[in-house]
Amino acid sequence: MSSSISSNRPGGGVKWHWPSIHPEGRKFVLIAAIVTLCFWLLGWEIAGWLMLGITAWVAAFFRDPVRVTPTGSDVIIAPADGLITQIAEVAPPPEIAGADGLGDAPMLRVSIFMSVFDVHINRTPIAGTLRKIVYIPGKFVNADLDKASEENERQHFVVERADGVRIGFTQIAGLVARRILPFVSMGQDVSTGQRVGLIRFGSRVDVYLPQGTTPQVLLGQRTLAGETIVARIGTADLLDGIGQ
């Protein structure tokens, strides 16, 4: 459930809460917990401690924290938690190119790599209508490699705003990831930052920016899905940064 949050209310504040576990992950946590309990009952202490750590990791992997999404008509929000590993001008993927997709002109692609320690719930960068959802079976090479966007198992989304602006983003499976799960369907209306899918166990998400828009993030920067502003539509100013 979403709610409106204002940052300028006098005396306001928020409390930290343990993030919930997404329903998709609860069965995996339960299985790991049962195996852990069996090891302890059998007296296998080393294996029990190891499985306890694995159970905690599985619970953390499927965590689904509440995010506060910036509002604004021009913002493009990060669809994934992770590290900005690539910013490159490329042709849009053929599955979502053309007049009914992102067009055929080269566009900037921002790639976000998710490690197995990142939150893996993905969110839509903008509000609008899902015009395309295209699933492509493929390989499972390292998602950090450039060829992963063309060879790996992946799922493309195209969201169209009310004014006709379209944003594309792609979930890409990686070395460990073995399943991409959508939470939405084609033709559905989505709000900015809404949960749209999950990739199990390490992967990458690419965002394709509209013409005339440059990223407002830098290589090596970390993003939070549903919170970090990746770009502002129509903004062409480049950012500089320094690692420290």
Residues with amide H under 5 Å from that of Gly197, placed H, sequence gap 5 or more: Asn122, Phe183
Accessible heavy-atom area order of Tyr208, Tyr135, highest first, probe of 1.4 Å: Tyr135, Tyr208
Can you give the accessible area of Ser73 in Å² (nearest 10), computed on protein heavy atoms with a 1.4 Å probe? 100 Å²
Plugging the Cβ-Cβ distance of Leu219 and Ile46 into 1/(1 + (r/R0)^6) at R0 = 41 Å yields, to the nearest 0.05, a FRET efficiency of 0.45
Computed Rg/Rh for the chain (Cα atoms; Rh = Kirkwood radius) stands at 1.01
Compare the Cα positions of Ile242, Ser111, Leu181 along the charge dipole of the chain (+1 at Cβ of Lys, Arg; -1 at Cβ of Asp, Glu; about the Cα centre) and return the one farthest towards the positive end. Leu181
Only four residue types carry charge here, +1 at the Cβ of Lys and Arg and -1 at the Cβ of Asp and Glu. Report the dipole size of the chain about the Cα centre in Debye, rounded to the nearest 20. 720 debye
Reported to the nearest 10 Å², Leu108 has, with a 1.4 Å probe, an accessible area equal to 50 Å²
With x for Gly and Pro, the residue-by-residue ³J(HN,Hα) of segment 230-244, computed from phi through the Karplus equation 6.51 cos²θ - 1.76 cosθ + 1.60 at θ = phi - 60° and given in whole Hz, is 7, 7, 10, 4, x, 7, 10, 6, 7, 9, 10, x, 9, x, 7
Degrees between helix 45-61 axis and first principal axis of the chain (Cα, 0 to 90, nearest 10): 20 degrees
Whole-Hz ³J(HN,Hα) for each residue in segment 156-166, computed from phi via Karplus 6.51 cos²θ - 1.76 cosθ + 1.60 with θ = phi - 60°, x for glycine and proline: what do you get? 9, 10, 10, 10, 10, 6, 5, 8, x, 5, 10
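Using a 1.4 angstrom probe on the protein heavy atoms only, line up Glu24, Glu89, Glu45, Glu153 by accessible area, largest first.
Sorted by accessible area, descending: Glu89, Glu45, Glu24, Glu153.
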Using only Cα atoms, tell me the angle between helix 23-41 and the longest principal axis of the chain; keep it within 0 to 90° and round to the nearest 10. 20 degrees
Can you list residues whose amide H is under 5 Å from Thr71's amide H, if they're 5+ apart or on another chain and H is modeled 1.01 Å from N? none
Positive-end residue of Gly25, Gly53, Leu41, charge dipole of the chain with Cβ unit charges: Leu41
Output the relative contact order of the chain, whole-number percent, from Cα pairs under 8 angstrom with separation of 6+ residues. 22 percent
Quick one: compute the contact order of segment 69-127, relative version, from alpha carbon pairs under 8 angstrom and 6+ residues apart, as a percent. 47 percent
Top positive-direction residue, dipole computed over segment 156-237 with Cβ charges, set Ile172, Val196, Pro210: Ile172
Trp49 accessible area, assembled protein chains, probe 1.4 Å, Å²: 150 Å²
Grab the DSSP H runs of the chain that are 4 residues or longer, score each as -39,500 (n - 2.57), total them, divide by all residues and round the 222 nm result to the nearest 500 deg cm²/dmol. -5000 deg cm²/dmol
With a 1.4 Å probe and all protein chains left in place, how much of the accessible area of the chain comes from carbon and sulfur atoms, in whole percent? 60 percent
Using a simple charge model, +1 on the beta-carbon of Lys and Arg, -1 on the beta-carbon of Asp and Glu, nothing else, what dipole does segment 11-106 show about its Cα centre, in debye to the nearest 20? 660 debye
Given a 1.4 Å probe and heavy atoms of the protein chains only, how would you sort Arg222, Arg200, Arg195, largest accessible area at the top? Arg222, Arg195, Arg200
Derived scalar couplings ³J(HN,Hα) [segment 181-190; Karplus, 6.51 cos²θ - 1.76 cosθ + 1.60; whole Hz; x for Gly, Pro]: 10, x, 10, 10, 9, 4, x, 6, 8, 10
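The values are calculated or read from the model by the stated rules, or taken from the named source; none is laboratory data. Only a predicted model underlies this, so the values are computations on that prediction, with no experimental measurement involved. Cβ sites come from the backbone with ideal geometry, for glycine too, and all protein chains shown count toward neighbours. For the accessible areas, the whole protein counts, side chains as well, though only heavy atoms, and no ligand, DNA or RNA atoms are used. Shrake-Rupley method; radii C 1.70, N 1.55, O 1.52, S 1.80 Å.
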